[in-house]
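The values are calculated or read from the model by the stated rules, or taken from the named source; none is laboratory data. Treat the numbers as computed from the prediction; the structure is a model and nothing was measured. Note that we place each Cβ from the backbone using ideal geometry, even for glycine, and neighbour counts take in every protein chain shown.
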Amino acid sequence: MQEYVLHGVLLNLLKEKAIFIPENRTLLISDLHLGKVNHFRRSGIPVPQKANDRNIELLIGLLQQQKPERVIFLGDLFHSHYNSEWEVFGQVLKAFPEMQFELVQGNHDIMSPYQYDKLKILVHKDQLQLSSLLLSHEPLQEFEGYNLAGHIHPAVKLRGSARQSLRLPCFHFGEKQGLMPAFGEFTGAYTITPKKGDDVFVIMEETVVKVG
């Protein structure tokens with residue numbers, strides 16, 4: 001875990017690729033992409049089922065560890081239309097009745113409003129103001145203050161000796177806009193090129209490390 005102050009808000013950057021805000025006990029998770037594995041498997045693409053199980057296990061562990069009062073998903077919570085994985089996700093949420101679950105809708109969030117209501121997920125369209133941070137799924141083009149978004153699945157390439165390189169998911173904080181890494185295990189990543197003055201934290205197996 002790394003502490004980082006963003007626009008006056010103290011953030012705990014977690015190795016699970018999530019952010020916990022102690023001030024208001026809020027957990028931020030972006031791009032979980034539940035249902036993506038089943039979506040590909042139905043299309044004949046051989047994706048291991050264990051990727052689904054891993055996402056759920058990580059989510060449960062994070063909720064148990066951080067004990068947030070509020071959990072906000074920054075879009076792309078569920079990758080496809082309703083399937084059995086949504087029911088599994090629903091059972092997880094019901095196991096934590098003391099927590100308020102919310103969703104800032106993303107481009108893949110096409111579930112019917114009935115399904116969100118059934119699980120008592122509060123849905124926000126496009127954006128949500130949280131303290132001094134403006135949360136959204138896709139990075140906003142026009143906004144005031146500081147925008148924290150998902151969607152991009154940021155990663156950076158680290159180079160070592162002997163021309164070795166390693167690409168790792170990261171938290172990226174620019175002057176006016178920040179990006180969260182994708183929480184989901186089977187999501188892919190986009191290599192970013194940080195600007196001078198940006199803060200970048202890479203996620204390794206057991207730690208979060210500042211590299212820029």
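Among the residues of the stretch 3-32, what is the count of those that are within 17 Å of Ala155 (Cα to Cα) and in a strand (DSSP E or B)? Walk me through how you get there before you give the answer.
Step one: of the stretch 3-32, the residues within 17 Å of Ala155 (Cα to Cα) are 13-19, 29-32.
Restricting the remaining residues to those that are in a strand (DSSP E or B) gives 13-14, 18-19, 29.
Of the residues in that region, 5 qualify.
As for the stretch 94-114, it holds at least one residue that is among the hydrophobic types (A, V, I, L, M, F, W, C), over 24 Å from Glu23 (Cα atoms) and either touching a His at 6+ places or on another chain (Cβ under 9 Å) or buried (at least 19 other Cβ atoms within 10 Å of the Cβ) (or both).
If you take the residues of the stretch 180-198 that are out of contact with any Cys (no Cβ under 8 Å at 6 or more places or on another chain) and buried (at least 19 other Cβ atoms within 10 Å of the Cβ), which of them is nearest to Val5 (Cα to Cα)? Among those residues, the one meeting the criterion is Met180. Can you tell me which residues in the stretch 62-86 are at pLDDT 90 or above and more than 17 Å from Ser30 (Cβ to Cβ)? Those that are at pLDDT 90 or above and more than 17 Å from Ser30 (Cβ to Cβ): Gln64, Gln65, Lys67, Glu69.
Does Lys125 satisfy being modelled with pLDDT under 95, closer than 28 Å to Pro97 by Cβ and surrounded by fewer than 18 Cβ atoms within 10 Å (Cβ to Cβ)? It is true that Lys125 is modelled with pLDDT under 95, closer than 28 Å to Pro97 by Cβ and surrounded by fewer than 18 Cβ atoms within 10 Å (Cβ to Cβ). Summed over the stretch 60-76, residues that are of a type outside the set (S, T, N, Q), buried (at least 16 other Cβ atoms within 10 Å of the Cβ) and free of Cβ contacts under 8 Å to residues at least 60 places away in the same chain total 6.
Yes/no matrix, rows are residues, columns are (1) out of contact with any Cys (no Cβ under 8 Å at 6 or more places or on another chain); (2) among the small types (Gly, Ala, Ser); (3) without any contact (Cβ under 8 Å) to a residue 12 or more places away in the chain:
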position: Trp86; (1), (2), (3): yes, no, no
position: Gly106; (1), (2), (3): yes, yes, no
position: Glu138; (1), (2), (3): yes, no, no
position: Glu142; (1), (2), (3): yes, no, yes
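Against the numbered list (1) in contact with a strand residue (DSSP E or B) (Cβ under 8 Å, 6 or more places away or on another chain); (2) closer than 14 Å to Ile72 by Cβ, Gly106 comes up short only at (1). Taken together, the residues in the stretch 80-119 that are aromatic (Phe, Trp, Tyr), within 20 Å of the chain's Cα centre (by Cα) and not in a helix (DSSP H, G or I) amount to 2. When restricted to residues that are farther than 26 Å from Leu34 by Cα, at pLDDT 95 or above and of a type in the set (A, V, I, L, M, F, W, C), the stretch 174-212 contains 2. Looking across the stretch 60-84, the residues that are over 17 Å from Leu11 (Cβ atoms) and in contact with a Phe, Trp or Tyr (Cβ under 8 Å, 6 or more places away or on another chain) come down to Leu63, Phe78. Applying the condition of being among the aliphatic types (A, V, I, L, M) and part of a helix (DSSP H, G or I) to the stretch 33-59 and asking which residue is modelled with the highest pLDDT yields Leu59.
Selection within the stretch 120-161: residues that are among the small types (Gly, Ala, Ser) and part of a loop (DSSP other than H, G, I, E, B). The member of this set that is farthest from Phe78 (Cα to Cα) is Gly160.
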